Every structure is written in structure tokens, then in C-alpha cells.
Amino acid sequence: MNKSLAFPRYGDKLNSDFFETFLVRLLEERDRSGLTEMIRRIDALMITVEPGHSIAYVGELCLMTPYHYLVTLESEQHYTHILRIDNNSPDLLIREVKDRNTRGIFRSLNEVYPIGAQKPNSRYMGEIFSVTNLHEVVTLQKGRDVRFFDQDQVRALELPSNVAFVKPSPYTHNIVGYWERPADDIRVYGLGGSTIRSDVQAAYEAAKITQEKFGLDRLLLPFDHLATRIYSQNREVAILEYITLSSYYYWGSYDITDQDSSTNVTKSVHYANELESPAKVFTAANHPYFVNHLLRLPSPTESFVRNYGPRLHHLAVAVNDGHIADQANIDYVVSVLRGCGQDFLLDVIGSEEEGLKQIFSSASEHSSLIIEYVQRFGDFQGFFTKGNVAHLTQAASVEEGLRTMDEAARKVNVTA
């Protein structure tokens, strides 16, 4: 059996004949061409924020995750802060646009959506994969009709010059990059001069002092998964596109009927442990928005995409299994962060008996991204229980609805 088809399937979501046919054909061809072996782990995640927001966001991330500030790279139009855990987990590239009037393709992906347009320079951009033969990977992908930015475009967008970037997906609006480096070599990004900025360092050190004071540094693990929200009609093609661009396989899909959505998971062929290369999750409504008035079901995922655009919704941080006194580690982490002023959308849901506990933070004011915390107990396999994900989706929809109303109120005030 082909390597990419050797994994068990999970879930209860029914897929179309088109999806099932081309899933097999794409994975068989990917294995046969050598792309599955050449495309390895996710080495970096890229996020852009508005001018003046990156320092606070670095501090926020260094408190809420295991990341450490490494260095700042300065180019003509951006500061890029590199955050790292170790060489076995993806780096975070936090890009700050210097001039809020900077134009470009990534800004345009925000501007056509009513809430996305309020932070036009802020968005999750995508992943960079390590590959064993960059020239061969790019050649094969171009032969499959995948389109890349040329070098002039990479320079104009001030993306790392040592990475080959695929143009934004029409389904997720994310990009994928490939670079080649020996596995033991340090990651170095071609992005201009490097400095350790005292203001960023101060925000980082303050966050780590708090982490160490409460012992969070011993409990927080790397990212478990990355969750993207997409339009209902793009569920299957977004999954198929991602397995075309990556070395991920289709783990399975679950229907969350009371939230009129499904959660769909892809995982790395090469790394069984998501902490080495996080799973990529796609959430989509089961029906398009224009039949909601007939079905009378909540549609939080479709509403999110219509307001923000297809984009990453949350980054999930794994929490070490175990207990602090009579609390599960995740409950302790959340209580500490709440004491530090961090808001959450709901209480921790799930149970040790079910094997999983989860929670969503409020969306960051700097990136609009939510941080999820997830603790698995014992040998629990999977990313959610159906009850958990329904509660999480509903809680996120309440906050997103409030932000929509806040935005409408601001527009009224501006025109009054």
C-alpha cells in the first residue's frame, strides 16, 4: 500500500465521490513522484500584524506559549521577529508592517471582508515546509499546475529570499513555502539585517518571568494543530489542495450537526507526534449562508468566513498531561493566565474520563487569532470530542457576533 494511504480513517462525515476518488489518485501520484518523501516538516509559521502591535504580540505569545524571542530582522517595509522553541518545532515569524498604508496582495485578502478590513495588515500568512530537494519539489509542483511567486515578487513582498512560495490559495487564502536546509543546520531566514531589539527583549523577559514564577514553562508544549475556517463549498477542495502542497494525509472528518459544521483533519505522514509538525485542521459549514433562513440552524463558521475571510482561526497549544494538586494541568494554566488578565471564551470543557479537555482564549487584539489549549489524558488519540468542539464553536461565534455588532456601532458613530 502507498505510504500516504496506509493510515486509518476517523470520523463520520460523508465525502463526495469526487473527493474520495481524487484523494486516492492524488496521494498515490504524490508518493510515486517522490514528493511525499521530499516534503518534510513544517519549519515556520508566518503572521503579520499592524504597525505598533508586534512588541505586545511577542510578549503575549511568549506568555501564552513556550516560544522564546530570538532575533529581529529588518527589511525596508517590515520588522520580522523570530520566535523559537527548538529545532524540532516550527518557528514563529511575526511580521510588523512599518507603514499602515503599505499595499500588497496580503492586505487585499483582508480588505473585501467587513471585519477583516478593520485590521488590513493583520493575518496569518501560512507555513514554510522543509524539503530535501528544493529544485525538484518546485519543478514537480509546477508540473502539477501549482503557481509560485517569482523572485521579483518575493523581493517586493519582502518574504524570505531563500524560500520558494506558492501563491495564495483561492480556498484558504494561505500560502505555502518550501526551503532546503540540512536537518541539523540552524534556521536562517533571508530577510535583511538582524538585531536583538531591547524593547522586544524586555517584553519577552517579562513574559518569561511570569511563566517561570507560576511554573507554566513546565506545562506548555508546542503547537498541536492549526485550524483554518473556510467556506462550506470549499471544504473538500481545500483539503485536497493541502495534501497536494504538503506531505500530509487525510486523518478524517466529523460532523458537528448542531453547529451546522464539520471539522476535518490532515496530519504529517512523517511525524506521528503533532508537536513536531502540527496537524492542519479545516472547519467548514455544512450549508452555505443563503439557506440558513430555511434550515434555521446556527452557522458560526460560515458567518466567520463572511466577516473575516477564509483564514486561520486558532493555534492550539498542547498542555502536558498531569495535575497540579487537585487540578488538571490545563485548569491550572487557565487560572494563572486569567489572573494575568487573559480572557477566555468559556470555561475549560471536557473531562479526564472523556480523555480530553480544551478551551479557547479570546481573540488577540494584535492578530485576531485565538489560542486554544488542549490536554489529552493517557493514550487519548484525536483532536476533540464532538461535544467539546460544538461548545468551542458556539463560544467563538458569540464573541465574533459581538465584534460584528461593535464594528457596526463604530460605523454608525463615524457617520453620525
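The values are calculated or read from the model by the stated rules, or taken from the named source; none is laboratory data. Please read all numbers here as calculations on a predicted model, not as lab measurements. Glycine also receives a Cβ, built like all others from the backbone with ideal geometry; neighbour counts cover every protein chain displayed.
For the range 227-235, state whether one or more residues are of a type in the set (F, W, Y) and within 25 Å of V137 (Cα to Cα). If you could, list the steps in order and put the result at the bottom.
First, pick out the residues of the range 227-235 that are of a type in the set (F, W, Y): 231.
Narrowing further to those that are within 25 Å of V137 (Cα to Cα): none.
For the range 227-235, residues of a type in the set (F, W, Y) and within 25 Å of V137 (Cα to Cα): absent.
In this structure, is L356 within 24 Å of the chain's Cα centre (by Cα), crowded, with 17+ Cβ neighbours inside 10 Å and within 19 Å of E212 (Cα to Cα)?
On the way: within 24 Å of the chain's Cα centre (by Cα): yes; crowded, with 17+ Cβ neighbours inside 10 Å: yes; within 19 Å of E212 (Cα to Cα): no.
Criteria not met by L356.
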Out of everything in the range 216-274 that is of a type in the set (F, W, Y) and over 15 Å from R9 (Cβ atoms), what residue ends up being nearest to the chain's Cα centre (by Cα)? F223
Looking at the range 350-361, which of its residues are at pLDDT below 90 and in a strand (DSSP E or B)? G350, S351
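Over 24 Å from I94 (Cα atoms), modelled with pLDDT under 70 and buried (at least 22 other Cβ atoms within 10 Å of the Cβ): does that describe T385? Break it down into steps so the answer makes sense when it comes.
Details: over 24 Å from I94 (Cα atoms): yes; modelled with pLDDT under 70: yes; buried (at least 22 other Cβ atoms within 10 Å of the Cβ): no.
Judged against the criteria, T385 is not a match.
Rundown of residues vs (1) assigned by TED's automatic domain parsing to the domain that holds E302; (2) of a type outside the set (A, V, I, L, M, F, W, C); (3) within 26 Å of H366 (Cβ to Cβ), yes/no style:
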position	(1), (2), (3)
L109	no, no, yes
A117	no, no, yes
E127	no, yes, yes
S130	no, yes, no
V146	no, no, no
P170	no, yes, no
Restricting attention to the range 41-80, the residues that are closer than 14 Å to D99 by Cα, within 19 Å of the chain's Cα centre (by Cα) and of a type in the set (G, A, S) number exactly 1
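Which of the following residues is of a type in the set (A, V, I, L, M) and part of a helix (DSSP H, G or I): V265, V317, V291? Working first, answer last.
Values: V265 fails: part of a helix (DSSP H, G or I); V317 fails: part of a helix (DSSP H, G or I).
Only one candidate qualifies: V291.
Which strands (runs of 3 or more DSSP E) does the range 91-202 wholly contain that include 1 or more residues that are farther than 30 Å from V269 by Cα? Steps first, answer last, please.
Working: elements: 91-97, 123-131, 175-180, 193-195.
Where strands (runs of 3 or more DSSP E) fall fully within the range 91-202 and carry at least 1 residues being farther than 30 Å from V269 by Cα, they are 91-97, 193-195.
The rows are residues; the columns are (1) more than 30 Å from V305 (Cα to Cα); (2) under 24 Å from the mean Cα position of the chain (by Cα).
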site: T139; (1), (2): yes, no
site: Q151; (1), (2): yes, no
site: A156; (1), (2): no, no
site: V188; (1), (2): yes, yes
site: I196; (1), (2): yes, no
site: Q201; (1), (2): yes, no
site: E205; (1), (2): yes, no
site: K208; (1), (2): yes, yes
Here is a list of conditions, (1) in contact with a helix residue (DSSP H, G or I) (Cβ under 7 Å, 6 or more places away or on another chain); (2) over 27 Å from N329 (Cβ atoms); (3) assigned by TED's automatic domain parsing to the domain that holds Y308, and L219 meets all of them except one; can you say which number that is? (2)
May I ask you to list pairs of residues, at least six apart or on different chains, whose Cβ atoms are under 7 Å apart, with the first in the range 143-157 being touching a residue at least 12 places away in the same chain (Cβ under 8 Å) and on the phi > 0 side of the Ramachandran plot and the second being outside any loop (DSSP other than H, G, I, E, B) and surrounded by 10 or more Cβ atoms within 10 Å (Cβ to Cβ)? none
Give the range 294-314 a look and list any residue that's assigned to a helix (DSSP H, G or I) and of a type outside the set (S, T, N, Q), or say none. L294, L295, P300, E302, F304, V305, R306, Y308
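Could you tell me whether H366 is touching a strand residue (DSSP E or B) at 6+ places or on another chain (Cβ under 9 Å) and either surrounded by 13 or more Cβ atoms within 10 Å (Cβ to Cβ) or at pLDDT 85 or above (or both)? Give the steps one after another, and end with the answer.
On the way: touching a strand residue (DSSP E or B) at 6+ places or on another chain (Cβ under 9 Å): yes; either surrounded by 13 or more Cβ atoms within 10 Å (Cβ to Cβ) or at pLDDT 85 or above (or both): yes.
For H366, the condition - touching a strand residue (DSSP E or B) at 6+ places or on another chain (Cβ under 9 Å) and either surrounded by 13 or more Cβ atoms within 10 Å (Cβ to Cβ) or at pLDDT 85 or above (or both) - is met.
Within the range 320-330, identify whether any single residue is crowded, with 24+ Cβ neighbours inside 10 Å and either more than 24 Å from N121 (Cα to Cα) or touching an Asp or Glu at 6+ places or on another chain (Cβ under 8 Å) (or both), and answer yes or no. Please lay out each step first, then the result.
So in the range 320-330, the residues crowded, with 24+ Cβ neighbours inside 10 Å come out as 330.
Add one more test, that the residue is either more than 24 Å from N121 (Cα to Cα) or touching an Asp or Glu at 6+ places or on another chain (Cβ under 8 Å) (or both), and what stays is 330.
Scanning the range 320-330, I find at least one residue that is crowded, with 24+ Cβ neighbours inside 10 Å and either more than 24 Å from N121 (Cα to Cα) or touching an Asp or Glu at 6+ places or on another chain (Cβ under 8 Å) (or both), so the answer is yes.
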Inspect all residues belonging to the range 165-181 and state whether any of them is out of contact with any strand residue (DSSP E or B) (no Cβ under 9 Å at 6 or more places or on another chain) and either at pLDDT below 95 or charged (D, E, K, R) (or both). no
Would you mind stating whether I324 is outside the structural domain of R100 (by TED's automatic domain parsing) and within 21 Å of the chain's Cα centre (by Cα)? no
